[in-house]
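A quick write-up on the structure given underneath.
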Amino acid sequence: MHNFSQDVKVFGIAGHSGMGKTTLLEKLIPELTRRGLRVSLIKHSHKDIEIDRPGKDSYRLREAGCSEVLLMGKSRWALMHEQRNDTEPSFEYLLSRMQACDLVLVEGFKQEAFPKIEVYRAVNDKTPLWVQMKDILAIATDVPTAAAHGHQTRTCFDLSHIQAIADFVLSHAAPLPRGE
């Protein structure tokens with residue numbers, strides 16, 4: 001069961017590695033929170049992440065076999081779930097684990113069906129994702145001509161125009177998928 005109200009929305013930030021997705025999010029999130037929104041984030045990484053440290057009690061107990069360890073500190077708490085040999089959970093399941101907010105931003109999960117903006121920098125010399133992905137509605141780029149390919153076009157934003165990007169995100173964010 002989702003902990004969200006009916007009007008929570010989801011919007012994604014897509015792009016090849018090294019394009020600046022996190023950098024854009026670092027600027028976009030303060031703009032959205034200044035507008036009074038409670039924003040959460042789901043980030044997918046293809047790397048094996050570690051948010052705990054060897055030698056700490058929580059690390060030792062997780063290594064001892066706990067499925068989940070919830071670590072509560074003075075300023076924050078974190079829930080760590082060990083997948084061990086389990087398959088990766090669905091995007092909908094991960095969304096269901098989030099607490100109440102107005103907007104869930106998603107970095108990664110490119111193949112999931114929700115609206116996205118692609119971060120594209122020409123210096124990386126890679127083919128833009130939007131050419132093949134219909135869920136990418138716009139591009140945030142350092143090269144304005146990057147939004148045209150053949151007969152296809154996308155809305156294009158300069159990476160520094162954070163207010164305009166925030167406006168676009170808010171006007172195109174979709175209701176959360178309800179997949180339970």
Legend entry - Long-range amide H partners of GLY12 with built H, under 5 Å: VAL106, LYS116, ILE117
Inset, instruction - Beta carbons within 10 angstrom, averaged per residue: use that to sort the peptides 54-63, 73-82, 106-115, highest first. - result: 106-115, 54-63, 73-82
Legend entry - Neighbourhood net charge (13 Å Cβ-Cβ; Lys/Arg +1, Asp/Glu -1) for LYS134: 0
Inset, instruction - For region 78-94, just list the computed ³J(HN,Hα) in residue order, Karplus coefficients 6.51, -1.76 and 1.60, θ = phi - 60°, integers in Hz, with x standing in for Gly and Pro. - result: 9, 10, 9, 10, 8, 7, 6, 9, 5, 6, 4, x, 5, 4, 4, 5, 4
Legend entry - Karplus-derived 3J(HN,Hα), 6.51/-1.76/1.60, for each residue of region 56-62, Hz, glycine and proline x: 6, 4, 4, 5, 4, 6, 5
Legend entry - Per-peptide average of other Cβ atoms within 10 Å, ordering 128-136, 116-124 highest first: 116-124, 128-136
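Values quoted throughout were computed directly from the atomic coordinates according to the rules given, and no laboratory measurement underlies them. What you see is a predicted model; the values in this text were computed from it and never measured. Positions of Cβ are backbone-derived with ideal geometry, glycine not excepted, and every protein chain shown enters the neighbour counts.
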